[in-house]
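Engineer: Below is the structure I would like to discuss, written out as structure tokens.
What follows draws every value from the coordinates through simple rules; no lab data is involved. If you're wondering where the values come from, they're calculated on a predicted model, not measured in any experiment. For neighbour counting, all protein chains shown are included, and Cβ atoms are generated from backbone atoms with ideal geometry for every residue, glycine included.
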Amino acid sequence: MAELATLPPLPDQKTKGWEFTDLSNLDLDAYESASVSASISAGDGATVLPLGEAVDSRPELIDGRLGTLVPSDDPFVARNETGWHDGVLIHVPAGVKLTEPIKVEVPLDEDGSVVYWRTLIVLEEGAEAEVWEHSGSAGDETDALLNSVVELHVGQAATLRYVSTQDISERAWIFSSQRAQVERDGRLDWTALGFGSARGKVRMETKLAGPGSEARVTGGYASGPGQHLDYDTTQEHAAPNTFSDLAFRGVLAARSTAVWRGMIRVDPGAQGTDAFQESRNLLLSTDAHADAIPGLEIEADDVRCTHAAAIAQIDRDQLFYLTSRGLDPATAKQLIIEGFLESLVERLAEGPVREEISAALEHRLAEIL
């Protein structure tokens with residue numbers, strides 16, 4: 001763990017990647033480290049333990065994995081490393097296929113607190129699991145900070161479905177560094193929703209480390225008045241014949257802002273890469289604002305990499321069409337927004353995850369409209 005005196009300084013808006021997110025009002029000294037009573041369900045056949053306990057009792061499952069995927073020189077990862085005492089280890093042995101999802105609930109409800117949370121998920125060769133992790137607050141008046149680090153190790157020919165959602169207080173800060181590594185013929189299906197927080201940044205990085213590995217990342221966010229959401233995604237192709245597909249959708253209410261920055265990185269020798277990314281934002285007001293910044297870094301010559309980005313307001317022609325057929329403006333507007341988000345929901349496999357995500361989006365839209 002890093003010493004406090006050696007912690008890297010916080011970024012400012014001149015720091016690459018932080019141009020759109022202002023931290024000048026962030027006073028870390030105003031927040032006191034707090035423990036949380038997380039709710040964690042176990043999976044039959046898996047090892048599911050509080051991470052601090054696992055470090056002492058099951059070091060063979062921790063060593064060589066904890067802290068190996070995320071960059072320790074990141075200012076918020078470094079602070080997490082010095083401060084964490086709450087977290088979860090989920091380890092699925094080789095060949096074990098879980099039939100029920102493991103669910104983790106992390107509360108952020110104590111005013112003036114900072115929660116350092118750490119998640120380590122390891123799937124050995126041929127394993128299969130689904131993990132739902134949610135961070136939430138009981139109300140929107142809690143002034144707190146969540147600093148979380150997530151590491152996903154997907155072994156050879158393993159399949160992980162990981163759902164990460166947050167609906168913390170809209171007065172809180174969030175900083176989350178999340179990184180996955182997928183080995184040969186492994187598959188990651190990653191879904192993320194962001195509704196809460198006043199501001200901060202969420203980093204989601206996927207490394208396709210083995211030939212034949214693939215990742216599908218689906219993200220959605222909906223911001224209310226005064227919120228600023230910042231998502232930074234990376235799809236790194238480090239082996240040949242790998243596949244990634246990322247799609248984000250954002251809905252922004254009045255006086256809210258969001259930024260999505262995405263990077264497809266193809267390392268030397270990663271021939272046969274097939275990668276796609278897109279970000280689409282729907283502005284519900286003329287004083288909402290979004291930035292979408294796709295990027296490519298390609299160091300191989302036999303690849304197929306594409307990206308798309310769009311920012312638009314509600315189509316007046318669509319609104320006129322619906323109201324002219326008897327719908328009131330509010331209902332017509334809601335139908336247009338639901339149609340915009342439907343393409344996101346359709347990316348998810350039919351079943352509980354799809355139903356939960358659809359219900360969460362519907363509830364959030366009711367809050368911000």
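Engineer: With only alpha-carbon pairs counted, each pair once and no self-pairs, how large is the Kirkwood hydrodynamic radius of the chain in angstroms?
Structural biologist: Working: mean 1/r = 0.0474 Å⁻¹.
By the Kirkwood definition, the hydrodynamic radius is 21.1 Å.
Engineer: Could you check the spin-label model distance between residue 328 and residue 19? Points 7 Å from the Cα along Cα→Cβ, value in nm.
Structural biologist: Distance between the two pseudo-spin positions: 4.4 nm.
Engineer: Nearest-5 percent of antiparallel DSSP beta bridges in the range 4-314?
Structural biologist: Numbers: 6 of 135 bridges.
Around 5 percent antiparallel, to the nearest 5.
Engineer: Between residue 82 and residue 319, what is the label-to-label distance in nm when each label sits 7 Å out along the Cα-to-Cβ direction?
Structural biologist: Computed distance between label sites residue 82 and residue 319 equals 5.0 nm.
Engineer: Between residue 343 and residue 312, 0.36 nm times their residue separation minus their Cα-Cα distance comes to what? Mind dumping the intermediate values first?
Structural biologist: Numbers: separation 31, 0.36 × 31 = 11.16 nm, distance 1.59 nm.
So the extension gain works out to 9.6 nm.
Engineer: Would you please put 167-174, 82-89 in order of how densely packed they are, using the mean number of other Cβ atoms within 10 angstrom per residue and starting with the highest?
Structural biologist: On the way: 167-174: 23.4, 82-89: 20.0.
Answer by packing, highest mean first, reads 167-174, 82-89.
Engineer: Next question. Give me, ordered by chain and number, the residues 5 or more places off residue 293 or on other chains with an amide H under 5 Å from its own placed amide H.
Structural biologist: Long-range HN contacts for residue 293: 260, 261, 262.
Engineer: Taking the simple approach of a point 7 Å from Cα along Cα-to-Cβ for both residue 44 and residue 7, what is their distance in nm?
Structural biologist: With each label point 7 Å from Cα toward Cβ, the separation is 4.4 nm.
Engineer: Which value in deg cm²/dmol, rounded to the nearest 500, describes the helix-derived mean residue ellipticity at 222 nm for the chain, given -39,500 (n - 2.57) per DSSP H run of n ≥ 4 and division by the residue count? Numbers along the way, then the final one.
Structural biologist: Numbers: 6 runs with 62 residues, N = 369.
One gets -5000 deg cm²/dmol as the mean residue ellipticity at 222 nm.
Engineer: Just subtract the alpha-carbon distance of residue 299 and residue 97 from 0.36 nm times their residue separation and send over the number in nm, one decimal. Walk me through the numbers on the way to the answer.
Structural biologist: On the way: separation 202, 0.36 × 202 = 72.72 nm, distance 3.64 nm.
The residue 299-residue 97 span can extend by a further 69.1 nm.
Engineer: Which peptide among 120-133, 305-318, 68-81 comes first, and what is the full order, when sorted by highest mean count of other Cβ atoms within 10 Å? Mind showing how you got there, number by number?
Structural biologist: Values: 120-133: 22.2, 305-318: 13.4, 68-81: 18.1.
Peptide ranking by packing, descending: 120-133, 68-81, 305-318.
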